[in-house]
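Would you mind keeping the following structure in view while I ask a few things?
Quick note: the coordinates plus some simple rules give every number you see, no bench work behind them. A quick note: this is a predicted structure, and the numbers were derived from the prediction, not measured. Note that we place each Cβ from the backbone using ideal geometry, even for glycine, and neighbour counts take in every protein chain shown.
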Amino acid sequence: MAVDEALLKILVCPQDRSSLALADSKLVAQLNARIDQGTLRNRGGALVTGPLDGGLVRADGTVLYPVLQDIPVLLVEESIEITTVALSPLPSAV
């Protein structure tokens, strides 16, 4: 994922105006695993169906804004709550 450093410095969370940082690859991989299993929903309640190229994490570490094709999607309803998703184990395959 390539988000320009100058752009990253000016981007803020649209909900609370806090800073954003690049998500680490482990978190993105974990979220993509949940997408593959069909268990990841965004904050708008919709099932996330396509893989994430990366993400921007809000300063408090609770929300990730997806990056798709190197474009940050800074819409609150498209963001992903990561506080419980990242900590809980993946559901087992049936």
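Given a Förster radius of 30 Å and the C-beta distance between Ala33 and Lys9 as r, what FRET efficiency does 1/(1 + (r/R0)^6) yield to the nearest 0.05?
Numbers: r = 30 Å, r/R0 = 1.01.
Plugging the Cβ-Cβ distance into 1/(1 + (r/R0)^6) gives 0.50.
Taking only Cα atoms, what is the 0 to 90° angle, nearest 10, from helix 25-37's long axis to the longest principal axis of the chain?
So the inclination is approximately 40 degrees.
Could I ask something else about it? Let me make sure I get this right: for region 1-48, a, b and c are the square roots of the gyration tensor eigenvalues over alpha carbons, sorted descending. Under 1.5 in a/c it's rounded, otherwise prolate if a/b > b/c, else oblate. Which is it? Walk me through the numbers before you get to the answer.
Numbers: a/c = 3.12, a/b = 1.56, b/c = 2.00.
Here region 1-48 falls in the oblate category.
Continuing with this model, one more query. Go through (1) 17, 52, 29, 2; (2) 17, 54, 25, 4, 0; (3) 12, 19, 10, 8, 10, 11, 14, 12, 4 and flag the label whose value is the computed P(r) over Cα pairs in 10 Å bins from 0, in percent for this structure.
(2)
Can I ask one more? What is the dipole size for region 5-81, taken about its Cα centre, with +1 at each Lys and Arg Cβ and -1 at each Asp and Glu Cβ, in debye to the nearest 20?
Values: 7 positive and 10 negative charges, 26 e Å.
Computed about the Cα centre, the dipole is about 120 debye.
What is the fewest-to-most order of Glu78, Glu5 by other Cβ atoms lying within 10 Å of their Cβ? Display every interim value, and only then the final one.
Details: Glu78 15, Glu5 8.
Ordered by Cβ neighbours within 10 Å, fewest first: Glu5, Glu78.
Can you tell me the length gained on complete extension of the stretch Ala46 to Leu75, counting 0.36 nm per residue apart and subtracting the Cα distance? Could the numbers behind the result be given before it?
Values: separation 29, 0.36 × 29 = 10.44 nm, distance 1.31 nm.
Result: 9.1 nm gained on full extension.
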